[in-house]
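Enquirer: The following block contains the structure, expressed as structure tokens.
The values are calculated or read from the model by the stated rules, or taken from the named source; none is laboratory data. Quick caveat: nothing in here was measured; it's all calculated off a predicted structure. Because the Cβ atoms are built from the backbone with ideal geometry, glycine has one as well, and the counts that use them run over all protein chains shown. With ligands, DNA and RNA removed, areas are computed over all heavy atoms of the protein, side chains included. Shrake-Rupley method; radii C 1.70, N 1.55, O 1.52, S 1.80 Å.
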Amino acid sequence: METVQELIPLARELMAQRPNRKVLKLYVLGGVLAFVGMVIGLVETVCSPFTAASRLRDEEAAVAELQAAQERKSLAIQTLREKSKQQEAVLCSRALSIRQHAS
């Protein structure tokens, strides 16, 4: 059935043949499931731009968070390097001063 206009002649034909209750219930169940599927598809189509936009925002936020974490990590590494250089300079100056006193 491609259009709704075909549904009315089908229903008339079914009623003319006087189907038993089981077959009629089966047709009604199929029609209800088809209608529910159509409504779900329509809701999904209407709401899909909003869900795509929220996914994009979430992805951008995750990327920004990762970049911030990498920047913090690089700053921490840089400060550790500076501290180690300062400690080396202090140790070298101490070593030089100790040599001067010893000689």
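Enquirer: Per-residue ellipticity at 222 nm for the chain, helices alone: DSSP H runs ≥ 4 residues times -39500 (n - 2.57), over residue total, nearest 500 deg cm²/dmol?
Expert: Taken over the chain, the calculation gives -33500 deg cm²/dmol.
Enquirer: Keeping every protein chain present and rolling a 1.4 Å probe, give me the accessible area per residue for the chain in Å². Working shown, then result.
Expert: On the way: 9960 Å² over 103 residues.
In whole numbers, the chain has 97 Å² accessible per residue.
Enquirer: Right, next: Nearest 0.05, what FRET efficiency do LEU42 and THR79 give at R0 = 41 Å with Cβ-Cβ as r?
Expert: 0.10
Enquirer: Still on this structure, I have one more. So what are the three principal axis dimensions of the range 1-77 from its Cα atoms, in whole Å, longest to shortest?
Expert: 84, 24, 12
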